[in-house]
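First the structure, in the form of structure tokens, and then the observations on it.
The values are calculated or read from the model by the stated rules, or taken from the named source; none is laboratory data. This structure is a prediction, so every number in the text was calculated from the model and none was measured. Quick reminder, even Gly has a Cβ in these numbers, built from the backbone with ideal geometry, and neighbours come from all protein chains shown.
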Amino acid sequence: MEALFSLNPQQAEAVQASEGPLLILAGAGSGKTRVITVRIAHLIKEKGVAPHNILAVTFTNKAAGEMRDRVRELLKDEQLNSFPLISTFHSLCVRILRQDIEALNEGYKKTFTIYDTDDSQRVVKACIKDLGFDEKQVIPRVVRNAISSAKNRGEDVELFASKVEHTDEKRAAAAKVFRMYEERLRIANALDFDDLLIKTVRLLRKSAEVREKYNNRYKYILVDEYQDTNPLQLALITFLTEKQQNICVVGDDAQSIYGFRQADIRNILEFEQHFPNAKVILLEQNYRSTQTILDTADAIIANNINQKKKKLWTSNDGGERVLYYQAQDADGEGRFVAAKIEEHLRRNPSQRVAVLYRTNAQSRVFEEQLRRMRIDYNIVGGFSFYERQEVKDIVAYLKLALNPQDDIALLRVINTPTRGIGKTTLDELQSKSAALGVSLWETVALIGEPMNGVTANITTRARDAVLSFKKVIEKLQKKVAEVAETDKKVSDVVIAAIDDSGYSLMLRSENSDEAEARLENLEELVNAAVDYDRMADATIRDFIDHAALTADTDSLDSSARVTLMTVHSAKGLEFPIVFLVGLEDGIFPHSRSINDPKELEEERRLAYVAITRAEKLLYITHSMRRRVYGEEIAAEPSQFLNEMPLELIDDLSYGSSWLSFARSSTTRGSKYAVSALKGERAAAAPSKPKNLYTGKTYNTADAVAEFFKKKNIEPQPGGLDSDRNASVNERASDELTPAPPRSSPSGFDKLRAIASEKPKSEDQGPKPTFVAGAHVRHEKYGKGLVLRREGSGDNVKLTISFPGFGQKKMIEKFANLQKA
DNA sequence: AAGTAAATTTTTTTT
DNA sequence: AAATTTACTT
């Protein structure tokens, strides 16, 4: 096979050792992805293995996607009727469970929902509340983490409970919450991220039949980043390879950085015990980086005690020295990085550059400075598309249609947009559900029936509201069914969810920039669904699973040469130029890890990963001051700086720096030197430039009223947009008002027409009542038109459209309205 | 019920 | 500083 010729002897051996357990210890940049992909191609082309008998598992979607692309490229000339399954652990488990979870006999159905971290924390919070614990004492986030950790260690509730039985109160409380949490998830037919693995392992353990099925299907299994597997993942692999033992794992103990997810470095160190007769191949030649970069990485990792000593070598040049910069504050660090990137891009417009940081929160200053310089960039991680409120809301409608037992989805959307279902009603529904041990949806279903006791504490009005919500979901369920039966598309159902729920109408009538941005995000969601339409046998189910399991949008702007991400997300990637920023104690290493030797070693491995991403040039920067929780504090240079070979570093800082002190001092970079430096710089430091633009707009009625007061003019229809177009009102109302909603265009048009009508002259009257169509005056919003009147007596609720402010709902009694 | 103001909390890292 | 949660007002 021609691809083999491009491999070194060890790599070629790793490709050709196709049968039996194989451990490939692959140092950074040693071409491990190349080995895995060529190995897959080799199995198919030379060994005649059917592609669908091959399974490759990765940790991230990005890694899986990249591997798929490269395998596809290697196989492009073959006539194949299947393709290897290249997937993350979690998607693999979803695939198995969607088929066979019912064999587990734990009450779960194939229609199960996946709860993300946020969803599962909501459940934990509700359990804490319902068990009568104080949220301040038993903190939801902490308990959720404890549950997740236990699950990833392979512990179930019973084991967890027995372990904490005689320890402190809080842990005993956590055990109770854990128990209720599991029960709630079962009732909701929902699995959290960890359950996906747990249930799959349990299923394989329990059913010899299912085990046989998947052993026969996946005859050759490859696992990437094996050093990051946890006990649960090891169990999964063990069961899946029970029969054939064709397991190939690739990893590097120096790059183990997922200890917080219970990854156990022993998995890779003890591979030969877990899989007897395993072959071990070492890949030690680095093709990626310069000698300087490797030496820097090696020098840092050498400070770890629990580390297999090994030396990567390269035939690459020594290369450029590492470039160092000390900034006065975080903005200065951002300016330096942006300026250097600009310089590199000017010299070579297609230069790929990465900015790597320890925490997502650090990204902001770099974004700001890059934007200021008009440099395009991609940002990986952080706030994901599918985590946005409006996207989660619409996805929740779909999830509910697919699995009505999903309480979290139901709670999310039952009053979004507002339907008049408030706290009182929900509390009643929830306590009733808890008493019956059923999901909220089942309680909702009882509401329509007379004499069931459910409606006792619910007003007729609220009951009607709940029933209308029920109708919305049932309608959506019909549409979902049509995707399977007719040629209806996934995107049609997504659009239906946005329109029929009243969501689009809600956003459109809000008339604010924020609502506009949300609508655009929903449009993006529809676009994502349209992508799904193109696939053969695409289902809503797959679409929703994808939304649950994919962290980032993978809609990377390929024209941008600059990528911003955390060190964790950078693993497995490489860039000609890398900026490693924020090298300060408390940031990197992180303050949460600084006092635990084991965690500090993991931070060091993280630094190792970061440095070895660089091919040609590495920049390292740190700042003397940094904001933490809004407070500006002095920052100490990272202890990792001390561990680098200073002679390989060039100092680009202005004047003296930590580095220049470290060089002149015998006790290099001692605290004394650092503090002395700070004292000296304090006086000479240039004053921080004032940030004139706060970057925040307040879309409140008060802000608008204030604006018009200053301008001494009346607000015009067209909402906040008329701010900027006060002198061209036609444009403001014609071009800047969003198009009418797809669901009810005529209705919306009518609404707009009414809203723009000239109100009549005003007239005072004490405590008047208003019917739909009446013109009113509100002290804050000015003139408006009553669109709807609901309820009676003290509970009369009016929906009023105020030109320039959009629709508002208010209680007549409190609204203090005048006749206009 | 819903909007607003005030108080409180938040930062690891990812599926 | 920004985001989220709570308490209060209409």
Provide a single number: the residues in the stretch A:358-377 that are outside any helix (DSSP H, G or I), more than 14 Å from DNA strand B (Cβ to nearest atom) and touching a residue at least 24 places away in the same chain (Cβ under 8 Å). 4
Quick one: in the stretch A:571-612, which of the residues that are polar (S, T, N, Q) and more than 9 Å from DNA strand B (Cβ to nearest atom) is farthest from the chain's Cα centre (by Cα)? A:N595
Restricting to the stretch A:158-182, count the residues that are over 26 Å from the mean Cα position of the chain (by Cα) and either under 19 Å from A:G437 (Cα atoms) or in a loop (DSSP other than H, G, I, E, B) (or both). 7
Take A:V280 and decide whether it is surrounded by fewer than 17 Cβ atoms within 10 Å (Cβ to Cβ) and under 21 Å from A:T33 (Cα atoms). yes
Quick one: how many residues across the stretch A:44-65 are over 27 Å from A:L269 (Cβ atoms) and either in contact (Cβ under 8 Å) with a residue 12 or more places away in the chain or among the hydrophobic types (A, V, I, L, M, F, W, C) (or both)? 11
Hey, A:Q326 modelled with pLDDT of 95 or more, within 21 Å of A:H590 (Cβ to Cβ) and touching a strand residue (DSSP E or B) at 6+ places or on another chain (Cβ under 9 Å) or not: yes
Looking at this structure, is A:Q244 surrounded by 16 or more Cβ atoms within 10 Å (Cβ to Cβ), in a loop (DSSP other than H, G, I, E, B) and not basic (K, R)? yes
Give me a count of the residues in the stretch A:496-521 that are part of a helix (DSSP H, G or I) and closer than 22 Å to A:E474 by Cβ. 9
When restricted to A:I268, A:I301, A:I237, the only residue crowded, with 17+ Cβ neighbours inside 10 Å and over 26 Å from A:A610 (Cβ atoms) is A:I237
When the stretch A:522-534 is checked residue by residue, the ones that are crowded, with 22+ Cβ neighbours inside 10 Å and not in a helix (DSSP H, G or I) are none
Inside the stretch A:378-400, can you point out the residues that are within 14 Å of DNA strand B (Cβ to nearest atom) and among the acidic types (D, E)? A:E387
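Listed here are the residues, each with its yes/no results for (1) in contact with a strand residue (DSSP E or B) (Cβ under 8 Å, 6 or more places away or on another chain); (2) surrounded by 18 or more Cβ atoms within 10 Å (Cβ to Cβ); (3) at positive phi; (4) not β-branched (V, I, T).
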site	(1), (2), (3), (4)
A:E342	no, no, no, yes
A:R346	no, no, no, yes
A:Q369	no, yes, no, yes
A:D393	no, yes, no, yes
A:I414	no, yes, no, no
A:T418	yes, no, no, no
A:T424	no, no, no, no
Which condition number in (1) surrounded by fewer than 18 Cβ atoms within 10 Å (Cβ to Cβ); (2) among the aliphatic types (A, V, I, L, M); (3) touching a Phe, Trp or Tyr at 6+ places or on another chain (Cβ under 9 Å) is the one that A:A17 fails? (3)
Yes or no: the stretch A:273-283 includes at least one residue that is farther than 20 Å from A:P597 by Cβ and without any contact (Cβ under 8 Å) to a residue 12 or more places away in the chain. yes
When A:K471 is run through (1) in contact with a helix residue (DSSP H, G or I) (Cβ under 9 Å, 6 or more places away or on another chain); (2) surrounded by fewer than 15 Cβ atoms within 10 Å (Cβ to Cβ), the failure sits at (1)
In this structure, is A:I257 within 30 Å of A:D195 (Cα to Cα), touching a residue at least 24 places away in the same chain (Cβ under 8 Å), in a loop (DSSP other than H, G, I, E, B) and touching a helix residue (DSSP H, G or I) at 6+ places or on another chain (Cβ under 6 Å)? yes
Those residues of the stretch A:321-336 which are over 26 Å from the mean Cα position of the chain (by Cα) and either crowded, with 22+ Cβ neighbours inside 10 Å or not in a helix (DSSP H, G or I) (or both), in sequence order: A:R321, A:V322, A:L323, A:Y324, A:Y325, A:Q326, A:A327, A:Q328, A:D329, A:G332, A:E333, A:F336
Could we say that A:R98 is surrounded by 13 or more Cβ atoms within 10 Å (Cβ to Cβ), of a type in the set (D, E, K, R), more than 15 Å from DNA strand C (Cβ to nearest atom) and closer than 21 Å to A:H546 by Cα here? yes
Being buried (at least 22 other Cβ atoms within 10 Å of the Cβ) and hydroxyl-bearing (S, T, Y) is the filter; apply it to the stretch A:561-618 and report the residue that is farthest from A:I379 (Cα to Cα). A:Y608
Can you name every residue in the stretch A:623-638 that is under 10 Å from A:A330 (Cβ atoms) and not hydrophobic (A, V, I, L, M, F, W, C)? A:S623, A:R625, A:R626, A:R627, A:E632
Is there a residue in the stretch A:394-406 that is closer than 24 Å to A:S504 by Cβ and aromatic (F, W, Y)? yes
Any residue that is β-branched (V, I, T) and within 17 Å of A:V94 (Cα to Cα) - is there at least one of those in the stretch A:181-200? yes
Only one residue in A:P417, A:P404 is in contact with a Leu (Cβ under 8 Å, 6 or more places away or on another chain) and away from DNA strand B (no atom under 16 Å from the Cβ). Which one? A:P404
The helices (runs of 4 or more DSSP H) lying entirely within the stretch A:29-120 that contain at least 2 residues which are within 13 Å of DNA strand B (Cβ to nearest atom) and charged (D, E, K, R) are A:61-74
Kindly provide the set of residues from the stretch A:657-684 that are farther than 18 Å from A:D585 by Cβ and at pLDDT 90 or above, ordered by number. A:S660
Please verify whether A:A150 is of a type in the set (A, V, I, L, M, F, W, C), assigned to a helix (DSSP H, G or I) and farther than 26 Å from A:V438 by Cα, treating the condition exactly as stated. yes
Go through (1) out of contact with any Gly (no Cβ under 9 Å at 6 or more places or on another chain); (2) under 22 Å from A:Q245 (Cβ atoms) one by one and return the number of the condition A:A28 breaks. (2)
Has the stretch A:538-557 got at least one residue that is more than 20 Å from A:G382 (Cβ to Cβ), at pLDDT below 90 and of a type in the set (A, V, I, L, M)? yes
